[in-house]
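*Asks:* Mind looking over this structure? Questions follow.
The values are calculated or read from the model by the stated rules, or taken from the named source; none is laboratory data. Every value quoted in this text rests on a predicted model; they were computed, and no experiment measured them. Here the Cβ is made from the backbone with ideal geometry for all residues, glycine too, and neighbour counts use every protein chain on show.
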């Protein structure tokens, strides 16, 4: 794996100014009571109004070129914005997949018509995407995808199912991975393609998957002879695997794989509940703070590589493995230090701890299980 040569203190001066602007905006929003800091809000905090407020300031599609309606900024400038939003526990789920993953995919593989259709809408906060990847019985093994897209005289007909599709019941469109050729004697991941599917659509049924808490952000998406036009294909037919694995570097290495539970850690440090603070508590806070700082350096290194046009797939897998383990460790550490029942019913720490504890089992599953990620890293090391 190539060494990633960027350090948090090396960020350009324009990033520092941008960070100050984002912090000032977030302070205004918090003071006005427009959101409550919440762990894992990039997945569960669906607030289109907040997303559009960011868009008005040019903070959606920030690194999308100006000719496609974006801000033309660097990947590191975008990193600074999302890092501040995540640290604040802001409700950014509505635009998250569109801004993080769909925009780079369109820029890399989209036709000019596709770019001009979707990218300006993403930057305005008018187009929210869901990701149609995982399937029943396939787990994190995307090579086991069975959803089929078959050619028709007018385009494609899609049949199959996707599962754990976050935000599909709200989304305006979905990026779909489907098999366009049968599995042969070659690699299992051959013969896959990606498609852009507008929602709602005939032939698409979205069924809720509710958590034990009753919350609903996951879905099953069923495709029953969905008709797509020929221009719905993203990129090259049969190249879906290469395209989607390139996108996973954005999905796996971002600060959301480190900072999902940072609002909880910050609430523990603020200690507004007046909890006893002794040697044990200080040691736990010190260890977790040191870990998040180190992980941030790794994540920034991947962001720097992406900004240079590189493909740091194995480094991104490593960041997600270490980062999501850390996020779970934050929840477990707070549970060891704090008895939730002893906290004031409506305290900030109790609210965050309950929410984070319910979300934490999924941290090391979504975006690829840790076992899959370690395989990615092991294969990269074996190639040297």
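*Asks:* With the structure loaded, tell me whether residue 100 is surrounded by fewer than 22 Cβ atoms within 10 Å (Cβ to Cβ), at pLDDT 95 or above and over 18 Å from residue 199 (Cα atoms) or whether it fails that test. Walk me through it before giving the result.
*Replies:* Values: surrounded by fewer than 22 Cβ atoms within 10 Å (Cβ to Cβ): yes; at pLDDT 95 or above: no; over 18 Å from residue 199 (Cα atoms): yes.
No.
*Asks:* A further question follows. Give the number of residues within the stretch 12-58 that are assigned to a helix (DSSP H, G or I) and within 15 Å of residue 88 (Cα to Cα). Can you show your working first?
*Replies:* Going through the stretch 12-58, the residues assigned to a helix (DSSP H, G or I) turn out to be 13-31, 41-44, 48-56.
From the residues that got through so far, the ones that are within 15 Å of residue 88 (Cα to Cα) too are 19-31, 41-44, 50-51, 54.
Residues in the stretch 12-58 being assigned to a helix (DSSP H, G or I) and within 15 Å of residue 88 (Cα to Cα): 20 in total.
*Asks:* Which of the residues spanning the stretch 277-286 are outside any loop (DSSP other than H, G, I, E, B) and surrounded by 12 or more Cβ atoms within 10 Å (Cβ to Cβ)?
*Replies:* As a first pass, look at the stretch 277-286 and keep what is outside any loop (DSSP other than H, G, I, E, B): 279-286.
Once the filter is applied, which keeps residues that are outside any loop (DSSP other than H, G, I, E, B) and surrounded by 12 or more Cβ atoms within 10 Å (Cβ to Cβ), the stretch 277-286 yields 281, 284, 285.
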